[in-house]
1. With the condition kept exactly as written, say whether any residue in region 367-379 is surrounded by fewer than 20 Cβ atoms within 10 Å (Cβ to Cβ), more than 16 Å from residue 240 (Cα to Cα) and in contact with a helix residue (DSSP H, G or I) (Cβ under 9 Å, 6 or more places away or on another chain).
2. Inspect region 260-271 for any residue being surrounded by fewer than 20 Cβ atoms within 10 Å (Cβ to Cβ), within 16 Å of residue 341 (Cα to Cα) and in contact (Cβ under 8 Å) with a residue 60 or more places away in the chain and give the result as yes or no.
3. Scan region 493-504 and tell me whether some residue there is within 25 Å of residue 444 (Cβ to Cβ), in a loop (DSSP other than H, G, I, E, B) and at pLDDT 95 or above.
4. Condition first: more than 18 Å from residue 350 (Cα to Cα) and more than 29 Å from the chain's Cα centre (by Cα). Now tell me which residues in region 271-294 satisfy that.
5. Considering only region 382-391, I want to know if a residue exists there that is buried (at least 23 other Cβ atoms within 10 Å of the Cβ), modelled with pLDDT of 95 or more and not in a helix (DSSP H, G or I).
6. With the structure loaded, tell me whether residue 474 is in contact with a helix residue (DSSP H, G or I) (Cβ under 7 Å, 6 or more places away or on another chain) and more than 30 Å from residue 349 (Cβ to Cβ) or whether it fails that test.
7. Looking at this structure, is residue 544 under 30 Å from residue 460 (Cβ atoms) and loosely packed, with under 14 Cβ neighbours inside 10 Å?
């Protein structure tokens with residue numbers, strides 16, 4: 001069996017673990033509603049002696065609907081496995097155009113330790129192409145400025161699955177034919193649930209963390225390419241094309257019938273949820289009318305050659321929500337998605353570049369993609385997306401390929417691209433976007449203001465007055481002059497800038513970055529087991545006759561942990577300590593205000609300990625607070641907002 005088919009089975013296995021509803025309409029978009037400003041101690045008068053104000057929700061905050069589920073590590077066990085049997089028509093090979101980068105480094109390549117490689121990317125983009133033969137349309141060109149002299153040569157190299165020593169026993173029982181049999185949408189939905197229970201069994205293991213789960217899912221996404229190879233040769237460096245010959249690889253995520261169902265069952269609006277676009281004779285147009293995007297109207301535009309773009313489809317499609325919410329734990333920042341449906345022999349968008357790392361997952365049909373080098377060094381890894389380009393502005397493509405069902409195309413931000421359908425075939429693909437505004441420059445955008453604030457407060461030199469006549473020597477009108485006073489002013493400025501290094505506060509800057517990410521995040525998706533041990537399924541219930549049952553209590557020996565690694569962040573702000581959290585976010589991007597709790601200085605050590613212990617569980621009684629009631633109060637307040645899960649359902653009070 002092929003590597004890619006093995007990964008399909010793994011994806012189905014972890015989906016069964018989550019038991020995602022087959023209907024895309026299991027949960028409607030969250031409506032805005034204000035969260036209660038009352039403390040949990042005011043709602044349940046049981047063993048709560050903590051003072052009012054210890055943990056207080058923001059009054060302007062707005063809550064969202066119940067959260068769904070996320071995978072367990074064991075359900076992804078086979079995601080990177082390799083079957084002993086390999087079908088010849090499912091093999092994946094990788095072609096690269098060498099740019100002189102040394103691939104023999106013994107270090108594991110990640111975004112954190114491969115900066116020396118990234119530095120060389122200014123000489124040329126590393127082009128990685130995963131297909132069986134070199135396409136005659138593939139342009140063997142550099143992707144940098146015209147002054148570069150690097151000569152790129154094609155190198156063919158076969159790449160196996162990321163973990164080629166993983167157990168193969170279970171995966172070998174499934175054949176590629178079995179995976180490909182699901183044709184209608186209902187069958188493809190079932191393919192993610194009707195999985196042998198034996199695939200989910202695993203030996204006893206230490207608690208799985210959400211970052212590891214996200215890593216496993218990303219390995220499935222780019223399989224058979226290994227993570228090290230991806231970060232060394234592609235991430236922020238060069239486009240990557242993976243041709244799998246496994247058409248069903250991404251079919252579980254979305255389909256054209258599913259889009260039709262969503263349009264009929266949800267109140268989808270043009271511009272907010274749906275865009276209708278066209279690109280003809282060098283002119284790009286948006287045709288959005290006002291109001292609801294009813295299916296008959298949308299399909300009329302489509303029949304007339306317009307592309308349909310779904311914005312943030314994870315809001316309506318649970319499986320995309322699971323995919324993105326899981327990957328955001330691995331990347332540590334928001335992972336977005338758009339879906340693009342293009343009619344045959346058309347193009348919906350003009351050439352342009354984006355400000356995100358893009359992963360194109362081809363779900364139906366096929367599309368021709370042409371990629372172009374950035375026009376200058378200033379456009380390499382840009383912070384903002386470009387306007388539309390004219391064909392005369394972008395030169396010849398450095399990559400020209402046809403993406404077919406099951407294939408993946410990755411390209412870094414700043415890569416100029418355009419796609420068109422060919423051969424009388426439609427195209428449906430999902431674009432995953434990541435690392436928007438998540439660069440060193442964005443970190444310094446947070447770091448410099450807080451550093452300067454600290455320097456001004458601590459060092460009198462930053463508070464001294466400017467020279468009386470400095471405006472006579474600096475400014476646009478004086479930029480070409482060379483006077484003693486101008487030189488002295490410049491040197492003084494440089495001296496003070498050098499002193500700023502002493503006041504750098506990377507922790508505070510990191511917290512500000514995390515605060516932004518928390519606001520961007522999708523709400524976590526919990527497994528059924530996690531839901532049973534959380535506020536979403538555990539706790540009080542109303543029965544007939546107005547009787548409340550299942551009254552539960554947090555006890556000192558209760559074991560708790562964060563629902564997800566990045567679901568909260570503790571910050572010190574001008575008005576005190578706050579815990580920002582994402583568990584009550586909407587699935588619609590930034591639909592709600594940031595959610596936070598105010599925390600007293602006394603209780604902060606308990607929050608810090610809970611964060612540091614993840615993914616391990618910790619007993620409530622072991623939290624570093626003096627009073628037992630304070631420990632229980634902190635845990636109860638966090639648990640009631642979905643931030644914590646317990647290792648088992650809470651005990652019921654007699």
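1. Scanning region 367-379, I find at least one residue that is surrounded by fewer than 20 Cβ atoms within 10 Å (Cβ to Cβ), more than 16 Å from residue 240 (Cα to Cα) and in contact with a helix residue (DSSP H, G or I) (Cβ under 9 Å, 6 or more places away or on another chain), so the answer is yes.
2. Yes - at least one qualifying residue is present in region 260-271.
3. yes
4. Residues satisfying the conditions are 289, 290, 291, 294.
5. The answer is no, given that none of the residues of region 382-391 is buried (at least 23 other Cβ atoms within 10 Å of the Cβ), modelled with pLDDT of 95 or more and not in a helix (DSSP H, G or I).
6. Answer is yes for this residue.
7. no
Each row is one residue, and each column tells you yes or no for (1) touching a helix residue (DSSP H, G or I) at 6+ places or on another chain (Cβ under 7 Å); (2) at pLDDT below 95.
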{"site": "560", "(1), (2)": "yes, no"}
{"site": "588", "(1), (2)": "yes, yes"}
{"site": "591", "(1), (2)": "no, yes"}
{"site": "598", "(1), (2)": "no, no"}
{"site": "630", "(1), (2)": "no, no"}
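The values are calculated or read from the model by the stated rules, or taken from the named source; none is laboratory data. Owing to the predicted nature of the structure, the values given are computational and were not obtained by experimental measurement. Counting neighbours? That spans all protein chains shown, and the Cβs are built from the backbone with ideal geometry, glycine included.
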